[in-house]
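Student: The structure's right below; bear with me while I get my questions together.
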Amino acid sequence: MKAEIPFYTSSNSIDISDPNSVQQVAKIIKEKSSEHGHPALVIVDTLNRNFGAGDENSTTDMTQFINGLDRLIHELNTTIMVVHHTGLSNTQRGRGSSALKAAVDTEYRLDVDGDARKLSCTKSKDHEPPPPLFFKPEVINLGFVAGDDLEDMEVATSVVLNLTNSQGASKPLPKLTPSQHEVFAALTELCRESGNHRVHIDQWKEAALQRSIADTADKRSKNRAFKRGRVALLDKGYVATEADHYWVRR
């Protein structure tokens with residue numbers, strides 16, 4: 001059964017840096033809200049198309065854009081999601097001024113991962129970032145044809161992302177040495193027991209030192225073996241890390 005969810009789109013972009021434009025949009029959304037209920041989410045797609053004549057690289061212009069978003073949040077009391085692009089040379093961050101990332105509560109990045117799409121939390125203001133999610137794209141038929149004349153008409157399609165438990169068809173991960181396998185097993189077990197599947201490095205190290213990660217029981221040797229194993233697991237793509245917390249990538 002498909003749920004009927006009220007979803008409205010605009011055929012025009014607006015200048016969110018302009019208070020009058022923001023006020024006009026808020027008015028329209030409020031009119032729809034009186035009929036369909038409070039909006040659960042407002043999506044700005046994309047930042048560039050709704051940035052007006054400003055310069056994304058200018059901190060001043062980006063701050064005006066952020067202020068416009070704040071006015072919308074105040075007027076509508078709802079969540080706002082901004083779709084933004086990464087840079088051409090640096091695909092690890094949103095392009096333009098860093099003032100945007102500093103202002104948002106949560107940021108996610110979507111990457112191609114084999115034949116899947118990986119959604120990673122790159123900023124979480126009030127809580128530990130959740131582990132990455134993986135999706136498989138699926139082309140769907142929208143149920144109508146599009147085109148200006150009969151010769152050009154074709155079935156209109158779109159793409160949906162279906163949640164999957166595994167990554168895409170990527171290259172096999174490099175093999176682990178016996179010591180690295182023990183270090184990895186310690187993290188895997190801790191992540192399985194953890195509620196959010198993330199483990200602090202001190203907790204991981206303590207568990208790893210209880211295993212046969214070195215040829216000797218000497219503590220210094222085991223400490224070195226854990227450090228080498230941790231670095232190797234990161235380099236080989238078995239684990240990921242942020243803010244001294246680690247988790248299993250697959």
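Student: Rounded to the nearest 10 degrees, what's the angle between the helix 59-76 long axis and the longest principal axis of the chain, both from Cα atoms, 0 to 90?
Tutor: Rounded to the nearest ten degrees, it is 70.
Student: Only Cα pairs under 8 Å and at least 6 apart count here; give the relative contact order of the range 9-73 as a rounded whole percent. Working shown, then result.
Tutor: Numbers: 46 pairs, mean separation 31.5, N = 65.
The value is 48 percent.
Student: Can you work out the FRET efficiency for the pair I43 and I140, with r the C-beta to C-beta distance and R0 = 22 Å, to the nearest 0.05? Each step should come with its number before you reach the end.
Tutor: Working: r = 19 Å, r/R0 = 0.88.
Result of the calculation: an efficiency of 0.70.
Student: Give me the percent of accessible area attributable to carbon and sulfur for the chain, probe 1.4 angstrom. List each step's numbers first, then the result.
Tutor: On the way: 8320 of 16620 Å².
With neighbouring chains kept in place, the figure for the chain is 50 percent.
Student: Against the longest principal axis of the chain, how steep is helix 178-193, in degrees 0 to 90 to the nearest 10, with axes from Cα atoms?
Tutor: 50
Student: So how tilted is helix 19-36 from the main axis of the chain? Cα-based, degrees 0 to 90, rounded to 10.
Tutor: 90
Student: Additional query: Taking amide hydrogens as modeled 1.01 Å from N in the peptide plane, which residues meet the under 5 Å criterion relative to T122, leaving out close sequence neighbours?
Tutor: E107, Y108, R109
Student: Quick one: order H36, H84 from most to least accessible surface, probe 1.4 Å.
Tutor: The ordering from most to least exposed comes out as H36, H84.
Student: Whose amide H sits under 5 Å from the amide H of V82, counting only residues 5 or more places off or on another chain, with H placed in the peptide plane?
Tutor: V44
Student: Shifting gears a bit: Among (1) 73, 47, 38; (2) 52, 41, 36; (3) 84, 41, 39, find the value of Cα extents along the principal axes in Å that was calculated from the structure presented, and write down its label.
Tutor: Given (1) 73, 47, 38; (2) 52, 41, 36; (3) 84, 41, 39, the calculated one carries the label (1).
Student: Over the range 62-140, what is the relative contact order in whole percent, taking alpha-carbon pairs under 8 Å and six or more residues apart?
Tutor: Values: 81 pairs, mean separation 14.5, N = 79.
Over the range 62-140, the number comes to 18 percent.
Student: Mind grabbing the accessible area of T63 for me, 1.4 Å probe, Å², rounded to tens?
Tutor: Result for T63: roughly 60 Å² accessible.
Student: For Y108, Y238, give the ranking by accessible area with the largest first, probe 1.4 Å. Can you show the working numbers first?
Tutor: Details: Y108 115, Y238 40 Å².
The ranking, largest first, comes out as Y108, Y238.
Student: Same structure again: Using 0.36 nm times the number of residues separating N90 and A53, minus their current alpha carbon distance, what extension gain do you get?
Tutor: Result for the pair: 10.9 nm of gain on full extension.
Student: Rank these residues by their accessible area, most exposed first, probe 1.4 Å: K222, K27. If you can, show how the numbers build up before the last one.
Tutor: Working: K222 35, K27 125 Å².
Solvent-accessible surface, decreasing: K27, K222.
Student: To check you understand DSSP bridge types, tell me what percent of the beta bridges within the range 1-156 (both residues inside) are antiparallel, rounded to 5. List each step's numbers first, then the result.
Tutor: Details: 14 of 19 bridges.
Taking every DSSP beta bridge with both residues in the range 1-156, the antiparallel ones total about 75 percent.
Student: Please give the solvent-accessible surface of M62 in Å², to the nearest 10, using a probe radius of 1.4 Å with every protein chain present.
Tutor: Its heavy atoms expose roughly 0 Å² to the probe.
Student: Now a separate question. Accessible surface of S98 in the full protein assembly, 1.4 angstrom probe, to the nearest 10 Å²?
Tutor: 80
Student: Cα centroid distance between the range 191-238 and the range 60-112, in Å?
Tutor: The range 191-238 and the range 60-112 have Cα centres spaced 36 Å from each other.
Student: To the nearest 0.05, what FRET efficiency results for T9 and T106 with a Förster distance of 22 Å applied to their C-beta separation? Kindly include the intermediate steps, with their values, before the conclusion.
Tutor: Values: r = 23 Å, r/R0 = 1.05.
Between T9 and T106 the formula returns 0.45.
The values are calculated or read from the model by the stated rules, or taken from the named source; none is laboratory data. The structure displayed is predicted, hence computed values, not measured ones. When we count neighbours, we look across all protein chains shown, and the Cβ atoms used for this are built from the backbone with ideal geometry, even at glycine. Quick note on the areas: whole protein, heavy atoms, side chains included, nothing else; ligands and nucleic acids left out. Shrake-Rupley method; radii C 1.70, N 1.55, O 1.52, S 1.80 Å.
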